[in-house]
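Down below is the structure, laid out as structure tokens.
The values are calculated or read from the model by the stated rules, or taken from the named source; none is laboratory data. Values in this document were obtained by computation on a predicted structure and should not be read as measured data. Here the Cβ is made from the backbone with ideal geometry for all residues, glycine too, and neighbour counts use every protein chain on show. Protein only, heavy atoms only, side chains kept; ligands, DNA and RNA dropped before computing areas. Shrake-Rupley method; radii C 1.70, N 1.55, O 1.52, S 1.80 Å.
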Amino acid sequence: MQTVTTLEQLRAARAGLAEPLGFVPTMGYLHEGHLALVRAAQGRCKSVIVSIFVNPAQFGPNEDLAKYPRDIPRDLALLDEAGVDLVWLPTPEMMYPPGFQTWVEVTDVSQPLEGAMRPGHFRGVATVVAKLFNAVGPDLAFFGQKDAQQVAVIRQMTLDLNFPLEVVVVPTAREADGLARSSRNVYLSEAERAQAPVLHRALQEAAAVYRDGERDAEVIRKALRAALATAALAEVQYVSCAHPRTLQELERIGPEGALLSMAVHFGKTRLIDNLVLEGH
Ligand code: AMP
């Protein structure tokens, strides 16, 4: 496995890789969710590039940029073991040099949900992913369903800016008790960790209400809230039953189905999760 930092090194190393080329962008502190993306990429591609970059532009002023967990030696060992061909470790200074002033803004689909709670977040995401796409030039790029709105934003950007690549979405990897794997799970105290599977349980319970025939979106949102209320340490920021493409809140769930999603605080830790209700 090769490891590179500068754009020149990246271009030279990329030139020697077999195509189709798969790309997995990450912020590091890797877990089974990231490795599921790597395996999906290996299943569809002849070579795989992973980037590790904690992107300052997607963190708000009161978010966890400085204390975001990092362990590059461990990440590199995991990627090497997984059989990744090339790892790119850009630095903040090279991604955002002094005088940087070009931003990518995906408008409508960035507005609700995470975008409403984290102003500027998706501008940071879209900008860095556009830069990563330009530098790597992948044929396929792999993203996790865990960050459903991020997928919607990247898909729209890829379409609008004519990136010649396919965006592939990989199912959410979970712990045995249902908690979605996340680099931020390490922040949870023992008591918080014990209650955190309530996000997945709430999604399952709301999905059961949907399967029983309920199509009133507010009833589904109430089912999510009721399930989350059973966890004393959970502070709900939002629950959503939205159109699966536009991400606008629904009154009724139609033939296109819905995206159920939520953000919940456990102490200082903010967890998100989601589930797609298939249409018919
Ligand atoms: P991050 O390092 O958190 O920016 O995540 C990098 C990529 O891994 C994104 O496409 C995430 O959606 C994806 N990812 C993170 N957690 C999971 C998970 N539990 N299951 C599947 N994909 C994930």
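So the values come out like this:
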read-out: Region 32-51, subset open to solvent by 40 Å² or more (accessible area, probe 1.4 Å) and under 17 Å from A77 (Cβ atoms), residue farthest from the ligand (Cβ to nearest atom); value: R39
read-out: Qualifying residue in region 225-233 (condition: part of a helix (DSSP H, G or I) and either open to solvent by 60 Å² or more (accessible area, probe 1.4 Å) or closer than 25 Å to P255 by Cβ (or both)); value: yes
read-out: Which listed residue is part of a helix (DSSP H, G or I) and surrounded by 20 or more Cβ atoms within 10 Å (Cβ to Cβ), from A194, A141, A148; value: A148
read-out: Considering residues of region 194-226 that are within 23 Å of Y68 (Cα to Cα) and free of Cβ contacts under 8 Å to residues at least 60 places away in the same chain only, the residue farthest from the ligand (Cβ to nearest atom); value: A194
read-out: So D71, is it open to solvent by 60 Å² or more (accessible area, probe 1.4 Å) and at pLDDT 95 or above; value: no
read-out: Residue within region 169-191 that is more than 10 Å from the ligand (Cβ to nearest atom), assigned by TED's automatic domain parsing to the domain that holds T230 and among the small types (G, A, S) present; value: yes
read-out: Exclusive hit being part of a strand (DSSP E or B) and either touching a residue at least 12 places away in the same chain (Cβ under 8 Å) or β-branched (V, I, T) (or both), set V169, V153; value: V169
read-out: Residue match in region 157-165 (condition: within 28 Å of A66 (Cβ to Cβ), without any contact (Cβ under 8 Å) to a residue 60 or more places away in the chain, within 16 Å of the ligand (Cβ to nearest atom) and open to solvent by less than 20 Å² (accessible area, probe 1.4 Å)); value: yes
